[in-house]
Amino acid sequence: MVVPVPPPPLLASHVAVRAAASAISHGRRVLLNGDHPPQVAALGRGDWVKLICGASFEDAADVRNLSLVYTLAGVDCIDCAADASVVGAVNEGIEVAASIVPTVQRPWLMISVNDDCRDLHFRKAEFDPDDCPLDCSKPCEKVCPADAISLKHSMVDGERTLSDPLRGKYEGGVITERCYGCGRCLPVCPYDRIRAVSYVRDPTMTAELLKRDDVDAIEIHTTGKGTDMFNTLWDNLSGSINNVKLVAVSLPDIGESTVDLMNTIYTIMEPHFKGYNLWQLDGRPMSGDIGRGATRETVSFAAHVASMSERPPGFYQLAGGTNSYTVDYLKKAGLFQSSNWNSGTATSEMASSHQALIGGIAYGGYARKIVGRVLRKIPEQFGRVHIEDHPDHLLEALQEAMSLVGPVKGYIPSHSKPFMKQVDRQ
């Protein structure tokens with residue numbers, strides 16, 4: 001008989017975490033009428049928030065901590081790589097969050113796959129550190145937002161080469177599990193030694209993941225360059241696709257033909273899927289951590305799709321370039337939690353016709369950045385970090401996550417971080 005592992009003791013600072021997360025729960029809006037799950041109700045209201053861990057980001061330790069923090073902050077979904085170990089890390093983070101705050105809502109777990117190796121989300125940087133000249137200033141290391149490149153001088157004849165930087169060689173290179181394919185290192189290499197290696201997720205392994213009880217949704221990334229490969233992937237997944245509650249399709253803005261592409265994809269999916277469907281409008285992929293300008297493209301994309309009357313049924317969600325400015329840009333465009341009176345929700349009808357035109361926002365690079373800078377404060381001597389073992393850092397990370405999730409969920413206003421400071425830490 002397996003004895004359940006008891007939850008960790010509620011440390012003093014965890015009391016503050018529990019108080020903050022409980023306030024989030026109390027501040028949640030009334031769910032839509034009917035039998036729809038709370039995640040679907042959030043899409044209907046327009047306050048759905050998804051954490052994107054990264055379709056190619058496979059650092060299980062970071063994924064676990066991100067999932068823990070953003071579960072406490074109240075996200076509705078956590079999107080991760082279609083890899084069993086990464087799925088396990090997400091679920092562990094969710095479970096630890098629930099052990100600290102038992103009333104926390106479990107977010108849906110979504111896995112991301114692609115139908116085409118040309119999709120930028122499914123590639124890794126690669127180079128041989130032996131090819132790197134020792135006088136290189138290592139701009140690749142500096143520009144990487146994921147800390148996925150590490151170059152260090154090796155030892156030669158038992159002597160460190162730091163005293164003579166032109167002796168010896170570099171060792172290290174790309175930390176594969178941390179690279180998520182943003183491509184920022186490619187143009188900055190002064191010797192043009194870095195290349196991108198693309199890949200497609202194995203549909204057989206994906207089908208097996210969809211059969212797990214702890215996988216709730218799937219996202220299929222498509223490049224917009226036709227639908228033949230989407231059709232092939234959909235056929236490969238048809239035997240297990242109805243095990244999940246929601247199917248999302250992530251696609252770029254391809255101009256006036258975008259809605260035609262979406263309608264064709266919907267025609268492929270609709271006869272074989274009985275759950276909810278969602279369209280992820282990917283404005284400027286993997287750029288949310290850059291700054292204010294990055295979010296304009298995804299809001300522009302949303303405005304473009306919203307203006308088209310022939311768009312297919314389903315929920316709509318923003319991604320690509322999303323950050324702390326996205327809510328304000330949506331408000332300026334008149335798209336934040338505004339109702340759409342005409343669109344349905346695919347094969348599962350909502351109880352209310354007042355469905356939000358834009359169901360929510362997915363945060364990726366920016367969400368990882370603001371929590372990641374807290375994780376990096378934990379001293380290296382602790383090794384593989386469990387953030388709940390460092391409650392002051394957990395509290396700080398939760399504050400950062402709440403500052404991003406709160407304006408969408410409505411429990412704090414835009415560009416405001418006073419919420420956690422109001423919580424009694426004693």
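Details
- If the chain linking Ser150 and Arg384 were pulled fully straight, counting 0.36 nm for each residue of separation and taking away their Cα-Cα distance, it would gain 82.5 nm.
- Distance histogram in 5 Å bins (all Cα pairs of the stretch 183-291, percent per bin): 2, 10, 18, 20, 17, 14, 10, 6, 3, 1, 0
- Using the Karplus relation 6.51 cos²θ - 1.76 cosθ + 1.60 with θ = phi - 60°, the per-residue 3J(HN,Hα) values for the stretch 388-402 come to 5, 6, 10, x, 5, 5, 4, 4, 5, 5, 5, 4, 4, 5, 5 Hz, with x marking Gly and Pro.
- Between Ser257 and Asp130, full extension at 0.36 nm per residue minus the direct alpha carbon distance yields a gain of 41.1 nm.
- Added length on full extension, which subtracts the Cα-Cα distance from 0.36 nm per residue, Thr264 to Tyr191: 21.9 nm
- For Arg106, Arg292, Arg64, Arg45, order by how many other beta-carbon atoms lie within 10 Å, fewest first: Arg292, Arg106, Arg45, Arg64
- Paramagnetic label zone (point 7 Å from Cα along Cα-to-C-beta, Thr204; backbone N under 20 Å) in the stretch 50-85: 82-85
- All lysines inside 25 Å of Lys138 as judged from Cα atoms, apart from same-chain residues fewer than 8 positions distant: Lys124, Lys152, Lys169, Lys369, Lys377
- Reachable aspartates and glutamates from Lys409, criterion Cα separation under 16 angstrom, eight or more residues apart if same chain: Asp47, Asp76, Asp328, Glu400
- Ranking of Ser338, Ser67, Ser300, Ser137 by count of other Cβ atoms within 10 Å, fewest first: Ser137, Ser338, Ser300, Ser67
- When Val143, Val104 are sorted by how many other C-beta atoms sit within 10 angstrom of their C-beta, beginning with the fewest, the order is Val143, Val104.
- 19 Å Cα-Cα reach of Lys274 towards lysines, excluding residues that sit fewer than 8 places from it in its own chain: Lys211, Lys245
Values in this text are rule-based calculations from the coordinates and carry no lab data. Predicted model only: the values in this text are computed from it and were never measured. Neighbour counts are summed over all protein chains in view; Cβ atoms, including those assigned to glycine, are modelled from backbone coordinates with ideal geometry.
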